[in-house]
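The values are calculated or read from the model by the stated rules, or taken from the named source; none is laboratory data. Owing to the predicted nature of the structure, the values given are computational and were not obtained by experimental measurement. We place every Cβ from the backbone using ideal geometry, glycine too, and count neighbours over all the protein chains shown.
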């Protein structure tokens, strides 16, 4: 309450003229309106630029994690002794020799302290073109090593081929060594449609 029993709102109403909309706006007030409009535009432009840089940084990190290639050496053939499909990882000399026994060959030199072995055995296959394993690549994605392979050739089931045109079954395989990183290894097959 103010003097004379009037509330503050009533006092302001009494002092302010009733026709304020007829008064010309002060120059400073109009200038502030233009300033606030340009400030809003600048804030919007700044926000858009920040979002652009943020999206580029995220996309760059995603590409980096998917495209970190890892060096590897690969051996392939179509004559494995084992007819069962399997994926094997060798971290010791014994596991390395066992993997090569499945392939039906003598194991090349292997240093388990410096490399990890990966064996991809597709099992018995029949096809017009001899099926084979093609290693597409090895890369690091986050905290995993990913080995990607694909089966090449055109496998045809025995029921579809006439008996006179039967070809001998093959058992394609690939064995590769990857520089040791201590990361877990996943093997993925790329399938073409």
Looking at the stretch 76-96 only, could you name the residues that are surrounded by fewer than 14 Cβ atoms within 10 Å (Cβ to Cβ) and more than 32 Å from the chain's Cα centre (by Cα)?
79, 81, 83, 94
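So for the stretch 44-52 (the condition being modelled with pLDDT under 75, farther than 30 Å from residue 173 by Cα and not in a strand (DSSP E or B)), does at least one residue qualify? Walk me through how you get there before you give the answer.
Filtering the stretch 44-52 down to residues modelled with pLDDT under 75 leaves 45.
Okay, now just the ones that are also farther than 30 Å from residue 173 by Cα, so 45.
Now narrow it down to the ones that are not in a strand (DSSP E or B): 45.
Taking every residue of the stretch 44-52 in turn, at least one turns out to be modelled with pLDDT under 75, farther than 30 Å from residue 173 by Cα and not in a strand (DSSP E or B).
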What is the number of the single condition among (1) over 22 Å from residue 190 (Cβ atoms); (2) at pLDDT below 90 that residue 93 does not meet?
(2)
Qualifying position, being in the same structural domain as residue 77 (by TED's automatic domain parsing) and more than 28 Å from the chain's Cα centre (by Cα), among 138, 115, 106:
106
